[in-house]
Amino acid sequence: MDTRHFKEGFLHIFKAAGYSLAGLGTGLRLSLAFRQEAAVLVLLIVLLAVCGKPAGIWFIALGAWLLVMMAELINTALEVTLDRITRERDLAVKYAKDMASAAVFLMLALNAALWLCIFVLRLF
């Protein structure tokens, strides 16, 4: 068995984790929206703890909010990339940015509905 591939694969996991952590740091540094969403994540954790919600609800609520943050990172990455391609007014660029923004909006709407069920209507 060739252990070189195993070592390279194992090392790749650590390199990929480093790139991911760098991406989170970049998102926090460059994106106001991502910083705001990170603050909401902290508030959500506090709210779930204060309300004494069970672990399953924590998993659902935090997972749904992390999807918002993921969509925000993708939206920001797309905007940065498109701005590097052209600063000129381009309808295709506008469409791409608007659709990425809409993805974040849909995730926010999903979370609003979920939190309404969890914290207001107490369905979970």
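Counting only C-alpha contacts under 8 Å and six or more residues apart, can you give the relative contact order of the chain as a whole percent? Don't skip to the end; give the middle numbers.
Values: 54 pairs, mean separation 29.3, N = 124.
Worked out over the chain, it gives 24 percent.
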Segment 1-100: GluC sites (Glu not before Pro) in DSSP coil with no more than 10 other Cβ atoms inside 10 Å | E88
Find how many whole Å separate the alpha carbon centroid of segment 1-68 from the alpha carbon centroid of segment 77-124.
-> 18 Å
Where in segment 1-92 are there trypsin sites (Lys or Arg not before Pro) that are in a DSSP coil and have at most 13 other Cβ atoms within 10 angstrom of their Cβ?
-> R87, R89
Report the dimensions of the chain along its three principal axes from the alpha-carbon atoms, largest first, rounded to Å.
-> 54, 49, 25
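Just from its helices, what would the mean residue ellipticity at 222 nm be for the chain, if runs of 4 or more DSSP H residues each count -39500 (n - 2.57) and the sum is divided by every residue, rounded to the nearest 500 deg cm²/dmol? Please list the in-between numbers first.
Working: 4 runs with 103 residues, N = 124.
Computed ellipticity for the chain at 222 nm equals -29500 deg cm²/dmol.
Values quoted throughout were computed directly from the atomic coordinates according to the rules given, and no laboratory measurement underlies them. No experiment lies behind these values; they were computed from the predicted model shown. Neighbour counts run over all protein chains shown; Cβ positions are idealised from the backbone, glycine included.
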